[in-house]
Each structure stands twice: as C-alpha cells, then as structure tokens.
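Trainee: One structure follows; several queries about it will come next.
The values are calculated or read from the model by the stated rules, or taken from the named source; none is laboratory data. These figures come from a predicted structure and were not determined experimentally. Cβ atoms come from the backbone with ideal geometry, glycine included; neighbour counts cover every protein chain shown. Accessible surface areas use protein heavy atoms only, side chains included; no ligands, DNA or RNA. Shrake-Rupley method; radii C 1.70, N 1.55, O 1.52, S 1.80 Å.
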Amino acid sequence: MTGPLWESLPDGWQTGQVKHAATVTLGKMLQSKDSGGDVRAPYMRAANVQPDGALALDDVNEMWFGEAELEQLNIRVGDVVVVEGGQGGFGRAAYVDEELLGWGFQNSINRLRPISGYDGRFIAFYLIALRASGFIRACSNVVSMPHLTAEKLARIPIPLAPLEEQRAIADYLDRETARIDTLIEEQQRLIEMLRERRAAVLSAAFDTDPSTEATKVGRMLAARPSYGVLVPRYVEEAEGVPFVRVGDLLNLTPERPMLAIAPEQSDEYSRTKIVGGEVLLGVVGKMGQAALAPRWLAGANVARAVAVLRCKDPAIAPLLCAWIGSNKFLYQAELATSGDSIQPTLGMKDLARFDINLPTDPNAAADLISRLAKIDTLIIETERFIELARERRAALITAAVTGQIDVREMV
C-alpha cells in the first residue's frame, strides 16, 4: 500500500481519503452588515491558524451570522481547522483543544469534524506532515492564489489506523512535539538576547564612545554606491553567476544555496560585480541588513535591492558594515525613507550624506569586529539548531502517523 507519505503501512491499518475520517465543511463569506435578525459572533479565520498546528486566538474578529448559519458553522473541541487559501498559509492545520462556544468560521477555513472511530489530533498531525512534505502545494490550485478547496481536501489520501493506535500516536506526538517546541522557544529567546547584546555593543562603539571620529559616509567610499541587477535572468547554478539578494545577507556561507544569473547579464552590471571585501547593503524594505562580501563570492553580482559599497581604505569596510546595524544608522535611514508610501528605499545620495563616527583606536576597532563576529557566529549556530529541531519535529510526526515507529514501545 503506497501513499503520499508511505510505501507500506502496519498490519491492521487501511487507506482511505480524508472524507472517510471526517466531514469537510467550508466556512462563510465575510458579512459586514446585518441582513435582518443576524447576530454578531467571533469567527475563525486564516490568521488564527499558525504553523506547526498552533492556534492563535488573541486577535479575534467578529461578523454577522444567521442563527441557522451559526448552528451549522460552529466549532467544537475535537474539530480540525485547515486554512483554505493564501500564499503563506494554505493547508495549515490545527486541532481545536478548547471550547469555542458561539464561534463560527470564515470561508478561508475548512472545518474537519471527525466521524466515529477517528481522532482529530491524529488527522491534524497527518495534515501537518503532509503540508511539510510539499504534497498540499502539489494538489492545490495555484493558478493565481493557491486554494485547498473542500473538495480537494476531502479527497486527500490518509492512513486509517485503528482508533486506539490513533490515540496512542496523538498522545506520543503531543508529548514529544511539546518538548521540541519548548526547546525551540528557548533557542529563540537566546537569539533575542544575543541580538540585544549585539545592539548594546554597537551602541557603545558608535553612539556613546567619545573617542570616535566624525565624518560622512560618502567620504569613506571609493566611488558612488551602485544598485544591482533590476530584472534578473535566472539560470542553472552551474551555468551562471551567483546572485546575492537581500535575504542572503543574513547568512552568506558557501554551503547555503544561492540563485544564479546569466554571465552576460552580470557583465552588463559590472559596477556591482563583487571582488571581495565590499559592504553589501540592503536598501529596500527593512533597513540595517548588511554583510561584508567574502572573497569566495568574487565574481558574483547583486540584486536591485542590494547596494555595493567600496571603501577607499579596505580596512574600514568591517567597521562600516558593523555601523550599519547601529542606532545611528537606523535613525538616519528612517528619516531618509520616511516619505516612501509603499516600500522604504534608501537612496545612495542620502546614504553618502549620513553622519558616521568611527573608533580611532585600531585596537578598539579590532576588538569590536571580533566581539561582533563571535555574537554573529552564535546567532547563526543557534538558528541552524532551530532549523534542525524543526526538521526533526516534521520527521517524527511523519514517522508516527504512517506507522514507521511503534509509539506504544516508546514510553
């Protein structure tokens, strides 16, 4: 017996479709006015269903329901809610483990109500694993906006384990995923502390240290900064030139996959070709994202949202890169981009006029760069740990809901 997540199932398990384990109901279109005799009630919407099976019910909206609609579209303990549409959320699933008396749900939500002999927790865990595998995206309508319709959801293959095994699997996954989630939360708090520490180090170096020299950013640069490629022509990695986007600046490592563009297009943008040692600055959207271009990236090019800053004195580049994360830079960047109505974009003329204070003591500058490097390394290592923990979580759920592990032997 084969399926989207399994090649074979344990003895006594069967296969079927979601509709064999639960009734599938799509919610109501948003209604902003009373049509006569309606009542206002809280409703479940896509934003309430978070990744990894979490329900976020602090931010709740209300809309109008007819009494018969509210009776039909209620939510009970034991139900499963699945996001119907949207680029970021479609297919997210969560088990309802608390009473939501008087609630309804919008048509961005499909409600699964388990029928006799099926546990909603098992169904939710299975759908979480299925989404992580990419199967949900493959079977959803993605012509314009992806949709996991009630019809498609009802036809999704699912393993049908005996009820007692479903409950044992759900109990096991409740316990083990809670442990992993707690570990992830602890590591996320560590990252927050490290970033606060980094900000304090930058503030001490650039904002409050009296032994610094004031100048303008433009005076430090060998040439006017340049934006990168406007409309990239992507090619296979082996055939092209590495292409640095804003999201790559947070973790430039040789092991991290990177898009590539055609070599001839990179030649057209020769001013932004990387040699190594330049400061790469994100100039669109969130400000303060920057990285020192490593030597192994020589020959690469950058996206339009990335500027390449070349210093007259290469030894100053690490300090400039560090300063971009300081409060002084962020304050000036906010002033320079405050008039942008859609997406903040930092102009190069504005950047050249920014005031910057650099440490005058070479030893102090070297110590600053060393301290920041240690903090950044810890942040990257912790983020990688979180990524591995999430991969472990997904693999554990998949193995349990397909019977690859016997959870009854794991106490």
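Trainee: Filter segment 271-304 down to residues that are charged (D, E, K, R) and surrounded by fewer than 21 Cβ atoms within 10 Å (Cβ to Cβ) and give me whichever is nearest to P254 (Cα to Cα).
Mentor: First pass over segment 271-304, keeping only residues charged (D, E, K, R): 271, 273, 278, 286, 295, 304.
Retained after the next criterion (residues that are surrounded by fewer than 21 Cβ atoms within 10 Å (Cβ to Cβ)): 271, 273, 286, 295, 304.
On the way: R271: 23, K273: 17, K286: 24, R295: 11, R304: 22 Å.
Within segment 271-304, the match that is nearest to P254 (Cα to Cα) is R295.
Trainee: Select from segment 101-110 the residues that are open to solvent by 10 Å² or more (accessible area, probe 1.4 Å) and not small (G, A, S) and write down the one among them that is farthest from the chain's Cα centre (by Cα).
Mentor: The residue in question is L101.
Trainee: Now for a different question. Does segment 200-207 contain any residue that is hydroxyl-bearing (S, T, Y), at pLDDT below 90 and touching a helix residue (DSSP H, G or I) at 6+ places or on another chain (Cβ under 8 Å)?
Mentor: Yes: one or more hits.
Trainee: State whether the residues of segment 238-249 include one that is charged (D, E, K, R), closer than 18 Å to W296 by Cβ, assigned to a helix (DSSP H, G or I) and within 27 Å of the chain's Cα centre (by Cα).
Mentor: Checked segment 238-249: at least one residue is charged (D, E, K, R), closer than 18 Å to W296 by Cβ, assigned to a helix (DSSP H, G or I) and within 27 Å of the chain's Cα centre (by Cα).
Trainee: Here is a further query. Considering only residues of segment 42-97 that are under 22 Å from the mean Cα position of the chain (by Cα) and among the polar types (S, T, N, Q), which is farthest from F122 (Cα to Cα)?
Mentor: This residue is Q87.
Trainee: Separate question: Check R113, R40, R76 and return the single one that is open to solvent by 30 Å² or more (accessible area, probe 1.4 Å), among the basic types (K, R), without any contact (Cβ under 8 Å) to a residue 60 or more places away in the chain and not in a loop (DSSP other than H, G, I, E, B).
Mentor: Checking each option against the conditions leaves just R40.
Trainee: Select from segment 328-360 the residues that are open to solvent by 80 Å² or more (accessible area, probe 1.4 Å), within 23 Å of A317 (Cβ to Cβ) and free of Cβ contacts under 8 Å to residues at least 60 places away in the same chain and list them in ascending order.
Mentor: The answer is Y331, K349.
Trainee: If we keep just the residues of segment 123-150 that are open to solvent by 50 Å² or more (accessible area, probe 1.4 Å) and touching a residue at least 60 places away in the same chain (Cβ under 8 Å), which is nearest to the chain's Cα centre (by Cα)?
Mentor: Once the filter is applied, the top-ranked residue is A132.
Trainee: For the subset of segment 221-249 comprising residues that are surrounded by 13 or more Cβ atoms within 10 Å (Cβ to Cβ) and β-branched (V, I, T), which member is farthest from L372 (Cα to Cα)?
Mentor: Looking at the filtered set, the residue picked out is V235.
Trainee: A further question on this structure: Select from segment 272-319 the residues that are modelled with pLDDT under 90, part of a loop (DSSP other than H, G, I, E, B) and aliphatic (A, V, I, L, M) and list them in ascending order.
Mentor: Selection gives M287 alone.
Trainee: Right, something else. If I ask for residues that are surrounded by 15 or more Cβ atoms within 10 Å (Cβ to Cβ) and in a loop (DSSP other than H, G, I, E, B), which ones from segment 250-267 would you list?
Mentor: Once the filter is applied, which keeps residues that are surrounded by 15 or more Cβ atoms within 10 Å (Cβ to Cβ) and in a loop (DSSP other than H, G, I, E, B), segment 250-267 yields L252, M258, L259, A262.
Trainee: Let me spell it out: the conditions are (1) in a loop (DSSP other than H, G, I, E, B); (2) in contact (Cβ under 8 Å) with a residue 12 or more places away in the chain; (3) under 23 Å from A400 (Cβ atoms), and D34 meets all of them except one. Which number is the exception?
Mentor: The failed condition is (3).
Trainee: Another question, then. Determine which single condition E84 fails, assuming it passes every other condition in (1) surrounded by 23 or more Cβ atoms within 10 Å (Cβ to Cβ); (2) without any contact (Cβ under 8 Å) to a residue 60 or more places away in the chain.
Mentor: (2)
Trainee: Hey, another quick one. Looking at segment 151-178, which of its residues are assigned to a helix (DSSP H, G or I) and either more than 21 Å from V96 (Cβ to Cβ) or open to solvent by 40 Å² or more (accessible area, probe 1.4 Å) (or both)?
Mentor: E151, K152, L163, E164, E165, R167, D171, D174, R175, A178
Trainee: Only one of L396, L372 is in contact with a Lys or Arg (Cβ under 7 Å, 6 or more places away or on another chain) and crowded, with 18+ Cβ neighbours inside 10 Å. Can you tell me which?
Mentor: Just a single option satisfies the conditions, and that option is L372.
Trainee: Take R384 and tell me if it is under 24 Å from the mean Cα position of the chain (by Cα), under 30 Å from I123 (Cβ atoms) and part of a helix (DSSP H, G or I). Steps first, please.
Mentor: Numbers: under 24 Å from the mean Cα position of the chain (by Cα): yes; under 30 Å from I123 (Cβ atoms): no; part of a helix (DSSP H, G or I): yes.
For R384, the condition - under 24 Å from the mean Cα position of the chain (by Cα), under 30 Å from I123 (Cβ atoms) and part of a helix (DSSP H, G or I) - is not met.
Trainee: Filter segment 179-220 down to the residues that are in contact (Cβ under 8 Å) with a residue 40 or more places away in the chain, outside any helix (DSSP H, G or I) and open to solvent by 60 Å² or more (accessible area, probe 1.4 Å) and list them by number.
Mentor: S211, E213, A214, K216
Trainee: Every residue in segment 13-36 that is open to solvent by less than 60 Å² (accessible area, probe 1.4 Å) and of a type outside the set (V, I, T), please.
Mentor: Of segment 13-36, the ones open to solvent by less than 60 Å² (accessible area, probe 1.4 Å) are 13, 16-18, 21-22, 24-25, 27-28, 31, 36.
Answer for segment 13-36, where residues must be open to solvent by less than 60 Å² (accessible area, probe 1.4 Å) and of a type outside the set (V, I, T): W13, G16, Q17, A21, A22, G27, K28, Q31, G36.
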